[in-house]
1. When segment 14-43 is examined, which residues are found to be within 14 Å of residue 71 (Cβ to Cβ) and in contact (Cβ under 8 Å) with a residue 24 or more places away in the chain?
2. Quick one: in segment 25-40, of everything that is of a type in the set (S, T, N, Q) and closer than 26 Å to residue 5 by Cα, which residue is nearest to the chain's Cα centre (by Cα)?
3. At least 1 residues that are modelled with pLDDT of 95 or more and surrounded by 14 or more Cβ atoms within 10 Å (Cβ to Cβ) in each: list the helices (runs of 4 or more DSSP H) lying fully within the chain that qualify.
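The values are calculated or read from the model by the stated rules, or taken from the named source; none is laboratory data. These numbers were taken from a predicted model, which means no experiment stands behind them. Cβ placement follows ideal geometry from the backbone for every residue including glycine, while neighbour counts extend to all protein chains displayed.
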Amino acid sequence: MTVRETPQAKAHRLLVTGALTVTSVNGDTIRATCRGDSATYELGHHPRATPPWWCGCPARVTCAHLLALQAVTAPQSAHLEHTETEERTAA
């Protein structure tokens with residue numbers, strides 16, 4: 001029986017092998033490329049897109065490429081919301 005690699009394990013492998021390249025960051029807009037097993041995909045984050053995280057691969061659910069990108073980036077709005085919550089809690 002063949003054991004399938006989980007998306008989380010594949011995301012880790014993509015990061016360890018250097019398959020993910022963040023090509024630009026401008027505020028909350030992030031663009032990257034990722035060498036998958038069969039092709040290189042463009043992916044990223046844009047706060048006004050639906051959904052905001054996107055990947056050009058054929059996966060219908062959150063893919064390993066996006067999990068890898070999310071592991072190494074954080075949109076500014078998410079950071080600002082977290083910081084504001086910490087400041088309110090500390091006050």
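1. 14, 15, 19, 20, 22, 30, 32, 34, 43 - these are the residues of segment 14-43 that are within 14 Å of residue 71 (Cβ to Cβ) and in contact (Cβ under 8 Å) with a residue 24 or more places away in the chain.
2. Of segment 25-40, the ones of a type in the set (S, T, N, Q) are 26, 29, 33, 38, 40.
Remaining after also requiring closer than 26 Å to residue 5 by Cα: 33, 38, 40.
Numbers: 33: 11, 38: 19, 40: 15 Å.
By that ranking, first place goes to 33.
3. Values: elements: 7-16, 64-72, 76-90.
Ranges flagged: 7-16, 64-72.
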